[in-house]
Ligand SMILES: [Cu+2]
């Protein structure tokens with residue numbers, strides 16, 4: 001659900017250029033080493049090229065972030081999240097608003113803004129951004145936001161999908177019977193309908 005708009009953002013010149021790139025200041029991740037990628041780096045200076053063309057080679061380097069509140073203070077405020085949840089009457093509009101599908105001219109969605117608030121390497125690389133631990137905090141909030149939206153009309157909103165089948169947008173309309181194959185990450189191949197509830201199927205969690 002989250003990938004297409006992000007890709008669109010990554011392939012477009014950013015309206016904001018951060019002034020500094022830094023190694024992390026003291027924190028649990030100060031010495032964290034990143035291994036995969038880069039595939040589509042967005043930082044300057046760019047990390048060294050990966051020894052393999054697919055980005056899967058070992059390429060040890062320091063985790064870097066390029067944190068700024070420029071985007072989060074405009075597009076990822078509490079009021080933006082409240083508006084997203086309250087004003088999205090369909091899943092398609094929820095997704096498009098969350099992604100900022102209108103492009104930079106119409107502002108950013110909370111999803112894109114969160115990613116560019118972290119930025120850096122690998123956080124600013126579409127293909128390897130999950131290797132920054134902060135990615136999971138951001139996507140946990142994305143999931144929480146979706147779950148709150150879903151709970152506003154639970155029965156109806158756990159039996160729907162919207163959007164096309166291509167990761168970059170487009171493709172034929174998705175179906176609840178389309179398959180989700182996560183490759184080496186998960187052995188089982190699920191249907192989307194198995195994954196649209198946080199308490200049924202393989203998931204069992206709620207947000208407080
Ligand atoms: Cu994301």
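Structure notes:
- Per residue, the chain reaches -8500 deg cm²/dmol at 222 nm when only DSSP H runs of four or more residues are counted, each adding -39500 (n - 2.57).
- Applying 0.36 nm per residue to the separation of residue 203 and residue 162 and subtracting their alpha-carbon distance, the gain on full extension is 12.7 nm.
- When the Gaussian network model of the chain links Cα atoms closer than 10 Å, the mean-square fluctuations of 71, 91, 176 top out at 176.
- Rounded tilt (10° steps) of 134-151 against the dominant C-alpha axis of the chain: 10 degrees
- Computed E for residue 154/residue 39 - FRET, C-beta separation, R0 30 angstrom, nearest 0.05: 0.20
- Set of region 108-129 residues, backbone N closer than 20 Å to the point 7 Å along the Cα-Cβ line of residue 62: 118-125, 129
- Helix 78-87 vs. the chain, principal-axis angle (Cα, 0 to 90°, nearest 10): 30 degrees
- Selected from 189, 34, 43 as most flexible by GNM, with the chain as the system and alpha-carbon contacts under 10 Å: 189
- Residue with peak Gaussian network fluctuation, the chain [Cα springs, cutoff 10 Å], from 84, 36, 182: 182
Throughout, read-outs are computed from the coordinates displayed, never taken from laboratory work. Quick caveat: nothing in here was measured; it's all calculated off a predicted structure. For neighbour counting, all protein chains shown are included, and Cβ atoms are generated from backbone atoms with ideal geometry for every residue, glycine included.
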